[in-house]
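The values are calculated or read from the model by the stated rules, or taken from the named source; none is laboratory data. Predicted model, so just to flag it, every value in this text is computed and none were measured. For neighbour counting, all protein chains shown are included, and Cβ atoms are generated from backbone atoms with ideal geometry for every residue, glycine included.
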Amino acid sequence: MTNQEIFDLVACFDRSTAQTMKLSTQEFTIELTRGGAAAPQAAAPAAAPAAAPVAPSVPVAAGPSIDAPLVGTFYTSPAPDQAPFVLPGDRVSKGQTVCLIEAMKMMSEVPAPCDCVIESVCKSNGELVAFGEPLFRYKPC
């Protein structure tokens with residue numbers, strides 16, 4: 001892995017909402033964690049009241065969601081010049097590909113969990129997603 005790839009990885013982590021990330025290869029291991037070690041934990045009680053209002057500002061949509069199965073870059077279409085796999089209002093079948101997530105230069109298809117209608121897309125094309133983050137909201141058929 002080149003220095004530039006490491007810098008890009010750290011930049012993507014900084015832009016994401018993931019709290020931790022670990023990348024291991026035969027040659028090395030990189031582990032990224034938000035926050036710090038002992039110093040921020042000691043200051044946490046004083047900072048907790050200020051941090052509490054941040055959580056409610058994130059809109060919580062009702063209904064089931066298709067969540068990210070891994071950390072990576074979210075893509076709505078198979079190629080930049082092609083149409084999205086799904087749009088809000090589309091009816092999809094169980095197992096149908098709804099998006100791609102790129103991780104370590106590998107593309108992973110994300111399938112629909114059931115026959116459903118896509119109600120909304122929760123992420124933007126090209127956005128970094130964390131494990132378990134909602135990608136789509138849907139209504140089962």
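So in the range 95-114, with the set limited to residues that are among the charged types (D, E, K, R) and surrounded by 12 or more Cβ atoms within 10 Å (Cβ to Cβ), which one is farthest from Gly126 (Cα to Cα)?
First, the residues of the range 95-114 that are among the charged types (D, E, K, R): 102, 105, 109.
Right, trim to surrounded by 12 or more Cβ atoms within 10 Å (Cβ to Cβ) and you get 102, 109.
Working: Glu102: 9, Glu109: 15 Å.
Here the residue is Glu109.
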Problem - Any strands (runs of 3 or more DSSP E) falling wholly within the range 98-141 and containing at least 2 residues that are in contact (Cβ under 8 Å) with a residue 60 or more places away in the chain and more than 30 Å from Ile6 (Cβ to Cβ) - result: 134-140
Practice task
Residue by residue through the range 99-138, note down the ones that are at pLDDT below 95 and either aromatic (Phe, Trp, Tyr) or assigned by TED's automatic domain parsing to the domain that holds Thr20 (or both).
Solution key: Phe131
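Have a look at Pro84, Pro111 and point out the one that is in contact with a Lys or Arg (Cβ under 9 Å, 6 or more places away or on another chain) and not aliphatic (A, V, I, L, M). It would help to see each step written out before you state the result.
Numbers: Pro84 fails: in contact with a Lys or Arg (Cβ under 9 Å, 6 or more places away or on another chain).
Of Pro84, Pro111, the one residue that is in contact with a Lys or Arg (Cβ under 9 Å, 6 or more places away or on another chain) and not aliphatic (A, V, I, L, M) is Pro111.
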Problem - Filter result for Ser120 (closer than 25 Å to Leu23 by Cβ and hydroxyl-bearing (Ser, Thr, Tyr)) - result: no
